Amino acid sequence: MGRLVADPELRQTPNGVSVCSFRIAVDRNYSSRGGERQADFIDIVAWRQSAEFVSKYFNKGKMIIVEGSIQTRSYEDKNGNKRTAVEVVADNVQFGESKSASSSSQSYSAPAPTQAPPEPAVSYASGDVGDFSEMAADSDDLPF
């Protein structure tokens, strides 16, 4: 989960497949000695419908959740130097914040409920186990 550092770039392969490249900044769990937060910058590649989704709904600064796998590839740069790229190939992409959280000019408050909340389900704090029965620990009927 991180924030886009620039607008995503949508392209098409020669076969017409959508591919979107973008980079996110992911905060580390700790701060430096000076108290500054550190971040890692991760390159992401999304394909097909995921690429179109990212291109349509995300832009610089938006929080995004990405699930995928790490991929490495080698290439030659303009000067003929061999380089290695490490990127995440996105399998699943989701919004990382609500629309109201990302848009400070608009806010929405849900109306207060007009009826009482439902009664809680069964409480096991009293020790009542209802329809459950105890199984022997050495039973071969356990599913795991």
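Since every read-out is calculated from the coordinates, none of them should be taken as a lab result. Bear in mind the structure is a predicted one, so any value in this text is a computation, not a measurement. We place every Cβ from the backbone using ideal geometry, glycine too, and count neighbours over all the protein chains shown.
Applying a DSSP loop filter and a limit of 16 other Cβ atoms within 10 Å to the GluC sites (Glu not before Pro) in the range 1-54 leaves 36. Using the Cβ-Cβ distance between residue 47 and residue 79 with R0 set to 25 Å, the FRET efficiency from 1/(1 + (r/R0)^6) comes to roughly 0.30. Spin-label model, residue 9 to residue 59: label points 7 Å out along the Cα-to-beta-carbon direction sit 1.9 nm apart.
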